[in-house]
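The structure under discussion appears below in the form of C-alpha cells.
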Amino acid sequence: MCDSLTKRKDCHIGSPKIIVVPWPIRVIVVPPPICASIESHITTHHPEEAGGFLDCVRRGRRLRATRHVPIVNDSATPERRFETTVDGRAPPPPRVFYHSHTSPRSVSGLTQIDERSIPETFALVVFAPHGNALSYRGFKRGLLNWQELRIEADQTAKQLPRL
C-alpha cells in the first residue's frame, strides 16, 4: 500500500493502463475506381434511389473506401426513398452507408428522414437528380446531430463535388 511516507518510485499498484483515444474521422476517401462503381450503380437504377456500403480502412483521421457493396432498394417508393436491411451483405465496420437522391426537388444532403432512419455511424449522400452524380456529401453521427465530413477522391486530397 502506498502512503504519503512511501517514496513514489517504490509505490507499485499495478501496471499502468494506457488509454488510446483515436482522432475523430474528418474525411472519407473514395478512390476513383470505387467512385466510378458507385456512379455506375446509381446511373443503372435511375430514377430509383440506389445505395449500399463502402468497406473501409481507417488511416488516421480518414476512412478510405476499399470496396463497393451495392444493395437492392427494398422501398415501396424507390423513386423517393432508399430502404434496406443491414444483413450479412454489409461489410464489417468501419463502413460507410451510401444512397442517392434522384429527385431534383430533394436536398443534396441528409433529409430529416435520413437522419432518423440511418442506423450507421457514417453516411454518404450522392445527389444525382438526372442520373449523373453532381454532389457527394459525407456525414458522421454525433452525440446530438450529424456532422458533415469532407469527401476526397484520392490521396492528393482532391475534394469531390459538393453542392
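A few remarks follow.
- Tensor-based shape of the range 26-152 (alpha-carbon gyration tensor, a/c under 1.5 rounded, otherwise prolate or oblate): rounded
- Karplus-derived HN-Hα couplings along the range 64-70 (A = 6.51, B = -1.76, C = 1.60, θ = phi - 60°), whole Hz, x at Gly and Pro: 10, 5, 10, 7, 9, 10, x
- Amide proton proximity set for Thr66, modelled H, under 5 Å, gap of 5+: Asp55, Cys56, Val57
- Leu134 long-range amide H proximity, modeled H, under 5 Å: Phe127, Ala128
- Rounded to whole numbers, the Karplus 3J(HN,Hα) couplings from phi for the range 118-124 are 7, x, 7, 6, 10, 9, 10 Hz, using 6.51 cos²θ - 1.76 cosθ + 1.60 with θ = phi - 60°, and x at Gly and Pro.
- Most simply put, the chain has about 70% antiparallel DSSP beta bridges, counting only bridges with both residues inside it.
- By the helix-only formula, in which each DSSP H run with n ≥ 4 contributes -39500 (n - 2.57) and the sum is divided by residues, the chain has a 222 nm mean residue ellipticity of -3500 deg cm²/dmol.
- Seen against the Cα atoms of the chain and their longest principal axis, helix 32-45 is set at about 40 degrees.
Read the figures in this text as sums done on the coordinates, not as results from a lab. Treat the numbers as computed from the prediction; the structure is a model and nothing was measured.
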